[in-house]
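Let me begin by presenting the structure, written as structure tokens, before commenting on it.
The values are calculated or read from the model by the stated rules, or taken from the named source; none is laboratory data. Everything numeric here is computed off the predicted structure, so don't read it as measured data. Counting neighbours? That spans all protein chains shown, and the Cβs are built from the backbone with ideal geometry, glycine included.
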Amino acid sequence: PSQNCCSKNIAFKKVFGGEITIDRVAQAIAAFERTLLTGNSPFDRFIAGDQNAISESAKRGWQLFQGKARCITCHEFNRSNPFFTDNKYHNIGVAMNKEGFAELAKKAEQLAKQGRLDKRKLDELALDPAFSELGRFLVTFNPKDIGAFKTPTLRNVELTAPYMHDGSEATLMDVIEFYNRGGNANPNLSGEMRPLNLTDQEKQDLVEFLKALTGEFPKDFPENK
Ligand code: HEC
């Protein structure tokens, strides 16, 4: 994980040609958010009725996504919400990658129970990268929210490696392997997480499906300039 942090750091300097400033971070986030708003992916054309828009493998992946692999329980998709997120917070175990997380979680839970967390303490803690791993808990102080993060959209996910809030999964196949083993065990793990027993073919089909979610980009898109 720390390697991810620093290689990203270097990539940032390459793109912006200098130090990281708030303005440049805002620019980077704006560019990223625009990628989330692109449409007309092969999957969108498939859903609209074009049977040839995606591969057979991606079609099987879509079935798995809604069935055996259970992705759709959190990465919600329907006509009124086509964004592949329920906009809710879940603990799938990513934060457990961090050394000392268990002790940190225990400490946070104690502080919460003693009523010793307030807005000021929170602002202080939120600046500590270790504490930010506590996720949604830092907003609600509810121990159930320790390590819970908001379900991200999956549109254009092919273009935004590495994955998860801490960049701990390098490729989409790594993400699928993570889900296949049921996430990372921890006391607050979502009840929706469980081993999936996917075959190699099924894993590949899910990756193909995720790649079918890459949309079209306008010609004046900043990265193309
Ligand atoms: C229990 C809810 C839940 C289920 C089930 C679930 N996800 Fe997720 N997914 C999340 C959350 C929450 C995150 C963000 C976690 C983080 O950053 O710590 C996430 C992150 C991801 C990411 C990384 C996105 C990025 O931009 O970094 C991918 C890809 C993904 N999920 C795909 C899937 C697939 C495929 C399945 C089914 C095999 C699945 N998810 C099942 C909740 C879920």
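For this structure, a couple of remarks:
- Check on Lys98, at pLDDT below 90, within 16 Å of the ligand (Cβ to nearest atom) and of a type in the set (D, E, K, R): yes
- Check on Arg24, more than 15 Å from the chain's Cα centre (by Cα), within 30 Å of Lys14 (Cα to Cα) and more than 16 Å from the ligand (Cβ to nearest atom): yes
- Residue in segment 129-152 that is assigned to a helix (DSSP H, G or I) and more than 16 Å from the ligand (Cβ to nearest atom) present: yes
- Here Phe84 meets each of (1) touching a Pro at 6+ places or on another chain (Cβ under 7 Å); (2) within 26 Å of Gly147 (Cα to Cα) with one exception, condition (1).
- The set of residues in segment 46-61 being of a type outside the set (Val, Ile, Thr) and either more than 16 Å from the ligand (Cβ to nearest atom) or surrounded by fewer than 21 Cβ atoms within 10 Å (Cβ to Cβ) (or both) consists of Phe46, Ala48, Gly49, Asp50, Gln51, Asn52, Ala53, Ser55, Glu56, Ser57, Lys59, Arg60.
Listed here are the residues, each with its yes/no results for (1) modelled with pLDDT under 95; (2) closer than 17 Å to Met164 by Cβ; (3) among the small types (Gly, Ala, Ser).
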| position | (1), (2), (3) |
| --- | --- |
| Asn188 | yes, yes, no |
| Pro195 | no, no, no |
| Asp205 | no, no, no |
| Ala212 | no, no, yes |
| Phe217 | yes, no, no |
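- Scanning segment 193-207 for residues that are part of a loop (DSSP other than H, G, I, E, B) and surrounded by 14 or more Cβ atoms within 10 Å (Cβ to Cβ) turns up Met193, Leu196, Leu198.
- Selection count where residues are more than 13 Å from the chain's Cα centre (by Cα), surrounded by 14 or more Cβ atoms within 10 Å (Cβ to Cβ) and touching a residue at least 40 places away in the same chain (Cβ under 8 Å), scope segment 84-105: 5
- Number of residues in segment 122-175 that are over 30 Å from Ser41 (Cα atoms), in contact with a strand residue (DSSP E or B) (Cβ under 8 Å, 6 or more places away or on another chain) and among the aromatic types (Phe, Trp, Tyr): the value is 1.
- Hits in segment 107-119 (condition: surrounded by 13 or more Cβ atoms within 10 Å (Cβ to Cβ) and either within 22 Å of the chain's Cα centre (by Cα) or assigned to a helix (DSSP H, G or I) (or both)): Lys107, Ala108, Glu109, Leu111, Ala112
- Selection from segment 170-192 of residues that are of a type in the set (D, E, K, R) and not in a loop (DSSP other than H, G, I, E, B): Asp174, Glu177
- Cβ-Cβ contacts under 6 Å between residues 6 or more apart (or on different chains), taken from a first residue in segment 120-149 that is surrounded by 14 or more Cβ atoms within 10 Å (Cβ to Cβ) to a second residue that is at pLDDT below 80 and not in a helix (DSSP H, G or I), are listed as Glu133/Lys98; Phe141/Leu117.
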